[in-house]
Amino acid sequence: MSRIGQAFRDHPASVGETYLEHLRSALGFSFAMSRAAVCCAIHAFVPILFQRTGSSAIEELHRRMLRQRDARQLPQQAARQTQHEPTASRSRAAA
């Protein structure tokens with residue numbers, strides 16, 4: 001595997017995403033942050049406008065990031081629990 005190909009797979013895999021899933025998610029964050037940045041710049045010149053837009057965007061992006069992370073971790077946790085739980089026959093034998 002080439003280093004470039006590996007670079008395109010390693011980080012998305014580390015966060016439980018395929019390359020295309022990561023691309024979509026990262027672009028979504030980028031667009032949301034760009035919108036917030038423009039609003040913050042306007043707010044700098046006209047303080048009455050966009051008073052909470054920047055902080056609201058940060059809060060929402062953080063919530064989105066946590067939801068996505070939790071959604072990826074739930075199936076992994078369920079799989080780990082299934083692997084470590086004794087089967088019904090083992091449970092009955094121990095009783």
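All of the numbers you see were taken from the coordinates with simple rules; none came from a lab. Bear in mind that the values here come from a model prediction, so they are computed numbers and not experimental data. Ideal geometry is used to build each Cβ from the backbone, glycine not excepted, and the neighbour counts take in all protein chains shown.
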Q. Tell me, in nm to one decimal, what length is gained between LEU49 and ASP10 on full extension, where the rule is 0.36 nm per residue of separation less the Cα-Cα distance?
A. 9.9 nm
Q: Using every Cα-Cα pair within segment 3-85, state what percent have a distance larger than 14 Å.
A: 73
(Q) Counting only other residues whose beta carbon sits under 15 Å from that of ASP10, what net charge do I get with K and R as +1, D and E as -1? (A) 0
Q.
Could you give each residue of segment 19-26 its phi-based ³J(HN,Hα) in whole Hz, using Karplus coefficients 6.51, -1.76, 1.60 with θ = phi - 60°, and x for Gly or Pro?
A. 4, 5, 4, 5, 4, 4, 5, 5
Q: Report, in debye and to the nearest 20, how large the dipole of segment 3-85 comes out about its Cα centre when Lys and Arg carry +1 and Asp and Glu carry -1 on their Cβ.
A: 100
